[in-house]
């Protein structure tokens with residue numbers, strides 16, 4: 001059996017048989033979907049090929065591919081577009097963050113059957129967008145008013161969404177009671193013991209949060225979402241607020257050790273993995289999402305967020321093989337990476353903004369990363385075809 005397939009099996013060894021079937025199907029969908037679901041392979045390959053023993057340190061989300069940017073509503077109830085997945089977050093040098101994002105561009109370009117020269121041009125422009133923004137030394141945010149091309153249309157679509165339609169999409173009415181729609185695609189039913197454990201743990205958390213203290217629990221289901229995290233314990237809770245006469249959906253996602261931990265530099269101390277994820281999100285985003293918290297269920301720690309109508313990602317399927325439009329979006333995302341790195345400067349051992357500015361002025365590491373992306377993409381494609389030929393049962 002190829003080494004990469006053995007790594008995949010070991011990495012997913014604690015996932016149930018039913019969820020493994022879903023995950024294997026997801027990984028087989030395309031080279032990009034495979035890339036999304038195998039960050040642990042990328043982490044090992046990058047360490048082998050590059051090493052990233054830089055003196056520069058920043059917080060990185062760890063799994064920064066094109067589809068890990070998205071929209072959400074912040075604590076201030078305003079809508080933002082930013083990096084939105086921090087499960088693999090660690091304190092690290094910036095290089096693997098950039099390499100993961102740029103390699104995703106290569107893989108998408110190859111799926112779209114774009115010429116290598118055009119992909120290379122997009123990579124160079126994305127790198128320049130990141131480095132120039134980092135060198136400027138000021139962290140801003142993505143504003144709806146300045147978004148253009150595909151992102152402008154994306155924001156307009158978000159404005160047409162509302163809470164009632166969102167809740168109705170994910171629920172059914174049975175005997176006058178609203179319940180989550182367990183359709184096998186988004187939600188699966190849970191047993192009474194799991195339901196009670198989730199309710200008890202969530203109730204303890206809500207007591208300490210004035211914004212959600214009056215919520216009543218209507219239903220809970222196992223949530224199916226993501227690719228890399230597919231198969232982890234993950235729940236959705238349907239709640240109702242009497243005071244606001246509104247329903248809410250709360251996402252509860254198991255926190256696990258980052259796949260970079262064995263290769264990364266010495267990390268700050270956190271009592272639990274959920275705290276690491278929440279901390280990275282807090283320092284890297286312009287505004288953290290609503291109801292970002294940690295909770296304990298059955299001796300496992302989870303990250304808690306509110307699910308909202310405006311939560312979405314910019315999927316590559318929306319581009320219909322239009323690499324020019326895809327490039328326009330990618331070039332608007334690259335500065336967001338620099339903003340996140342600048343925001344996290346100085347936090348728990350991260351380098352200062354001045355150090356990041358000096359780092360951005362160096363061309364050597366930029367050339368090294370750009371030349372490495374093609375190799376990383378080639379390895380991903382090889383692993384993908386090995387997976388198709390040696391698919392686990």
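The values are calculated or read from the model by the stated rules, or taken from the named source; none is laboratory data. Quantities reported herein were computed from a predicted structural model and do not represent experimental measurements. Positions of Cβ are generated from backbone atoms using ideal geometry, with glycine treated the same way; all protein chains shown enter the neighbour counts.
Brief remarks on what is shown
- Check on residue 144, farther than 20 Å from residue 247 by Cα, at pLDDT 95 or above and surrounded by 11 or more Cβ atoms within 10 Å (Cβ to Cβ): no
- Entirely in the range 175-253, the strands (runs of 3 or more DSSP E) that have 3 or more residues that are in the same structural domain as residue 19 (by TED's automatic domain parsing) and either at pLDDT below 90 or under 17 Å from residue 309 (Cβ atoms) (or both): none
- Residue 342 being buried (at least 18 other Cβ atoms within 10 Å of the Cβ), out of contact with any strand residue (DSSP E or B) (no Cβ under 7 Å at 6 or more places or on another chain), at pLDDT 95 or above and assigned to a helix (DSSP H, G or I): yes
- Counting only strands (runs of 3 or more DSSP E) wholly contained in the range 42-114, the ones carrying 3 or more residues that are closer than 21 Å to residue 260 by Cα and under 18 Å from the mean Cα position of the chain (by Cα) occupy 58-60, 90-92.
Conditions tested, residue by residue: (1) surrounded by 19 or more Cβ atoms within 10 Å (Cβ to Cβ); (2) outside any helix (DSSP H, G or I).
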position	(1), (2)
356	yes, no
365	yes, no
370	no, no
374	no, no
377	yes, no
381	no, no
384	yes, no
388	no, no
392	no, yes
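- When residues of the range 176-193 are limited to those that are under 19 Å from residue 242 (Cβ atoms) and in contact with a strand residue (DSSP E or B) (Cβ under 8 Å, 6 or more places away or on another chain), the one surrounded by the fewest Cβ atoms within 10 Å (Cβ to Cβ): 177
- Test: residue in the range 194-212 that is surrounded by 12 or more Cβ atoms within 10 Å (Cβ to Cβ), on the phi < 0 side of the Ramachandran plot and in contact with a helix residue (DSSP H, G or I) (Cβ under 6 Å, 6 or more places away or on another chain): yes
- Of the residues contained in the range 261-277, one or more are found to be part of a helix (DSSP H, G or I) and touching a residue at least 40 places away in the same chain (Cβ under 8 Å).
- When residues of the range 121-140 are limited to those that are crowded, with 16+ Cβ neighbours inside 10 Å and farther than 20 Å from residue 56 by Cα, the one nearest to the chain's Cα centre (by Cα): 126
Residue-wise test of (1) in contact (Cβ under 8 Å) with a residue 60 or more places away in the chain; (2) under 17 Å from the mean Cα position of the chain (by Cα).
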position	(1), (2)
301	no, no
313	yes, yes
323	yes, no
341	yes, yes
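- Scanning the range 147-174 for residues that are farther than 30 Å from residue 322 by Cβ, under 25 Å from the mean Cα position of the chain (by Cα), modelled with pLDDT of 90 or more and part of a helix (DSSP H, G or I) yields a single hit, 167.
- Residues that are buried (at least 17 other Cβ atoms within 10 Å of the Cβ) and under 21 Å from residue 376 (Cα atoms), drawn from the range 6-30: 8, 26, 27
- Test for residue 128: is it over 16 Å from residue 326 (Cβ atoms), in contact with a helix residue (DSSP H, G or I) (Cβ under 9 Å, 6 or more places away or on another chain) and in a helix (DSSP H, G or I): yes
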